[in-house]
Structure formats: structure tokens, C-alpha cells
1. Is it the case that Thr175 is at pLDDT below 95, in a helix (DSSP H, G or I) and surrounded by fewer than 21 Cβ atoms within 10 Å (Cβ to Cβ)?
2. Name the pairs whose Cβ atoms lie under 7 Å apart, with the first residue in segment 50-78 and of a type in the set (Lys, Arg), the second open to solvent by less than 10 Å² (accessible area, probe 1.4 Å) and at pLDDT 95 or above, and 6 or more positions between them or separate chains?
3. Tally the residues that are more than 17 Å from Asp69 (Cα to Cα), among the polar types (S, T, N, Q) and free of Cβ contacts under 8 Å to residues at least 40 places away in the same chain, restricting the search to segment 106-164.
4. How many residues are open to solvent by less than 20 Å² (accessible area, probe 1.4 Å) and polar (S, T, N, Q) when one looks only at segment 5-62?
5. Leu56 is checked against (1) among the aliphatic types (A, V, I, L, M); (2) closer than 18 Å to Trp154 by Cα; (3) in contact with a His (Cβ under 7 Å, 6 or more places away or on another chain) and fails just one. What number does that condition carry?
6. Any idea which residue in segment 94-119 is least open to solvent (accessible area, probe 1.4 Å), counting only those that are of a type in the set (Val, Ile, Thr) and part of a loop (DSSP other than H, G, I, E, B)?
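The values are calculated or read from the model by the stated rules, or taken from the named source; none is laboratory data. Predicted model, so just to flag it, every value in this text is computed and none were measured. Here Cβ is always computed from backbone atoms with ideal geometry, including for glycine, and neighbour counts include all displayed protein chains. The protein model used for the area step is the full one, side chains on, heavy atoms only, and it has no ligands, DNA or RNA in it. Shrake-Rupley method; radii C 1.70, N 1.55, O 1.52, S 1.80 Å.
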Amino acid sequence: MAGATHSTLNDLPESTRGQVIDLLNQRLADAIDLELQTKQAHWNVKGPQFIALHKLFDEIHAAADEYVDLLAERIVQLGGVAEGVTAIVAERSELPQYPINIASGEEHVWALSNALASFGERIRRAIDETDELGDTDATDICTEISRGVDKWLWFVEAHADGATAAAASSATRQTSRAR
């Protein structure tokens, strides 16, 4: 059990805490990656929707920062170590790699929609897994994050035309199957 490393009076069984810590560290890597991908979009978006997307991407970045904090704090509450260093995040993140050489609003909308949808899928899986493990607090945290991610996905997809949204949805399903 790699997860639990510090003594705590938390009454969840040690084996449960260890499993939840491992699971949340995986989602933490994804959340940090999402945070960075969102900032990548914020910095590099160009085109007629620049200001609207630039501001939207910054708001999503701030929300992702809160998700990172919620996950990391729960890990530590359970006696674990929040593993958020760059090397671990790069190794563990299951999100699709963000394309570096894109600039248009449409391209960033597609790429960020894909990242949000992928993260949303994984955090919903974490809801079920933490529920099965009996950590209702972690389940609640994952549910809160899921609601937020779905809202941000809706906001980003609202900037896409139908063809772009369909392409993003198809790419997300293909990426999910490949992992």
C-alpha cells in the first residue's frame, strides 16, 4: 500500500486510505495537467474571439487550480503525500497531450474541450471508485469537481460550431479508447 505514509487519527481503514490516496494522486496529476493545458490555451489563443476566449481560459485555469488544491488536501488529510511535481505529473497524466503549435480560437476550443472531456470522464470514474471504497468525503470532492468541469466544457463548447464540437467529441472517444 503505497498511499498512506503519515499517521493520522482519521477513522477510515488504512487500506482504504491508501487506495484513495493512490487514486486521488492519479487524478491530481490529471488536474495539474489540465491546469497547465488551460494556461497554454490562455497564453496562445489568437483570432476574432481572442478576448472572450483569453478571459474564459483564465477563469478555467483558476477553477482547475481549485480542483488541484481540493485533491491534494484530501490526499494529505488521509495521511498521504500529494505528488504534484512536474516529473510525476508528466508520467501519470492520462489526458491527451495538448497541441503546442496551435493558435486559432477554434483550434484551442477543440483542444481544451478534448482535455476537459477527458478529465471529466476520469473524475466521474473517481466518483464511483471512491464511493466503492467508502470515502464519502473524497466522493463529494470528486462530484464537486465533476460539476465544475462539465460547466466549463459547456462554456468552451459554446464557442464551437457544430462540426468542431462533433470532431472534439469523436477525438475524445478515440483518445479514451486508446488509453
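1. yes
2. Once the first residue is of a type in the set (Lys, Arg) and sits in segment 50-78, its partners that are open to solvent by less than 10 Å² (accessible area, probe 1.4 Å) and at pLDDT 95 or above give Arg74/Leu24; Arg74/Ala138.
3. Matching residues across segment 106-164 total 1.
4. 4
5. (3)
6. Result: Ile102.
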